[in-house]
Amino acid sequence: MLFTIVIPTRNRPELAEFALRSALRQDFDDFDVLLSDNSSPEHADRVRQIVDSIGDRRVRYIRPPSEMSMGEHWEWAIPQADGDYIGVLTDRMAFKKDGLSRLAAELRSNTIDVITYTSSGVREAAAPFRLQRPPFTGRLEVIESRLATRLLALSIPPWGVPTMVNNFVSRTLLHQMLSVYADVFTGAAPDQSFCMHTLDSLEHYHYLDVPLMIAYGIKWSNGHAVGTGRANVASREFVGNLMSKGGLTFAPIPDVMANHNVIINEYCRLKAVQRSGRFVDLDLARYCYRLDLELAEQGKDLQHPDRRRVEAFRLQHGLPRIAPSITAQLGLAVRSGPAKRIAQTASDRLGVNPTNRPIGRFGSVLEALSYEEDHPPRPNSSASGFLRGSDRAEAKAAGVTVR
């Protein structure tokens, strides 16, 4: 079996069903699906009914012995996959029908341990749905892990790093990592934990700058909820599990809940046990700058306790202020304040995004997915690729050149 698609799900039967059906639509045969159901009993019954009603021999249903945190669930489920290459499709993602065949073609032509890819997206929670299609180059790139960790240390998280939800990893490498490290997925966030372990384990990985799936249901996303300060049931559970284990204990400012702090927490956690020497010291001034930008995006003013913690840390360590990038100053990247919130609301409710104009008015996510497949977007050789938008300018300003 060349591929196993792992679908971890919890208490979202309808989303799990759509992800599963998208996986089974592949125009490629050499794969199976492992659906791991971490639901409470009342939802688990429905998920099992869905799997049984589909009745596809390529699907294997498993259920942990007890309800687990997200990271624990991934750590338990993913190693049970049998494919030569293993990837995760969350229950709010859908594979395009040629996704696996595109990846298989690259695997036949190259020696690859990890291959990442990109996605299109649907933001709305209800019809009409609109499709956002970020520009892409169509190229396969070899990314040096040292470059990725250098950018992370500068608080410039690259778009194309492997997070398990955007890549396939060889089963051999995955089990090597499981044998070397105490865990691979059970940090503050399993996707970022996997990312850091992979960057420590490999000198390079491959990035295919082509959208192979669509992500949707952003209102159910833990990352979106944390990043915008709009809690939902799943994000409250995620944060609750995290805080019960001490919170972001490896981050320089551990008490601040923000996506960037989760990423940096995992960076610092791996740095303490690294084997590669690729995880260098953080640029703390840039860390404070990026963290404060995200807190502003959450609508927190300068007197909010989180922003005061960041400012106190900056002053305590004698760190300089970093001015916003030129693009931010010109309003080309909406970063914070009322303009950000207006843009976010327009994007969430109306499908209007001034930085990435969406297309279509679809009655269902399946219609949007079918349109994406039947009218594939064209590559753009001038697209940003591995590092997106203003982040490329930030990297250049910091002395890091990205091809």
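Just so you know, all these numbers are worked out from the coordinates, no wet-lab data involved. None of the values given here were measured: they were computed from a predicted structure. Quick reminder, even Gly has a Cβ in these numbers, built from the backbone with ideal geometry, and neighbours come from all protein chains shown.
For an R0 of 35 angstrom, estimate the FRET efficiency from the Cβ-Cβ distance between R378 and S40 and round to the nearest 0.05. Approximately 0.20, to the nearest 0.05.
Ranking A126, P64, P41 by Cα position along the charge dipole of the range 3-220, where only Lys, Arg, Asp and Glu carry charges on their C-beta atoms, puts A126 farthest toward the positive end.
Applying the Karplus relation 6.51 cos²θ - 1.76 cosθ + 1.60 with θ = phi - 60° to the range 158-164 yields 3J(HN,Hα) values of x, 5, x, 6, x, 10, 6 Hz, where x marks Gly and Pro. Of all DSSP-defined beta bridges confined to the range 3-220, some 40% are antiparallel rather than parallel.
Set the Förster distance to 45 Å, then compute FRET efficiency between S109 and R48 from the Cβ-Cβ distance, nearest 0.05. So the FRET efficiency works out to roughly 0.70.
The phi-based Karplus calculation (6.51 cos²θ - 1.76 cosθ + 1.60; θ = phi - 60°) puts the 3J(HN,Hα) values of the range 196-211 at 5, 5, 5, 5, 6, 8, 10, 6, 7, 9, 10, 10, 9, 7, 9, x Hz, whole numbers, x for Gly and Pro. Couplings for the range 119-132, taken from phi via the Karplus curve 6.51 cos²θ - 1.76 cosθ + 1.60 with θ = phi - 60°, read 8, 8, x, 10, 8, 5, 8, 8, 5, x, 8, 10, 9, 9 Hz in order; Gly and Pro are left as x.
Restrict the search to the range 105-196; then list the trypsin sites (Lys or Arg not before Pro) that DSSP places in a loop and that have at most 16 other Cβ atoms within 10 Å of their Cβ. Don't skip to the answer; put the middle values down first.
Values: sites: R108, R123, R130, R139, R146, R150, R171; in loops: R123, R139.
Passing both the DSSP loop test and the Cβ count: R139.
Evaluate E = 1/(1 + (r/R0)^6) for E144 and S364, where r is the Cβ-Cβ distance and R0 equals 45 Å; express this FRET efficiency to the nearest 0.05. Taking R0 as 45 Å, the efficiency between E144 and S364 is 0.65. Around the amide H of V184, modelled in the peptide plane, lies no amide H under 5 Å away from a residue 5 or more places distant or on another chain.
According to the square roots a ≥ b ≥ c of the eigenvalues of the Cα gyration tensor, what is the shape class of the range 105-212, taking rounded for a/c under 1.5, prolate for a/b larger than b/c otherwise, and oblate for the remainder? Spell out each step's value before the answer.
Values: a/c = 1.71, a/b = 1.42, b/c = 1.21.
Cα axes put the range 105-212 in the prolate bin.
Ignoring aspartates and glutamates fewer than eight residues from K396 along the same chain, the ones with Cα atoms less than 20 angstrom from its Cα are E141, E144, D281, D283.
In a DSSP loop and with at most 16 other Cβ atoms within 10 Å, the GluC sites (Glu not before Pro) in the range 50-103 are E67.
Can you pull out the trypsin sites (Lys or Arg not before Pro) in the range 1-89 whose DSSP state is coil and whose Cβ has at most 12 other Cβ atoms within 10 Å? Write down the numbers at each step before the final one.
Details: sites: R10, R21, R25, R46, R48, R57, R58, R60; in loops: R10, R25, R57, R58.
Here the sparse-neighbourhood loop sites are R57.
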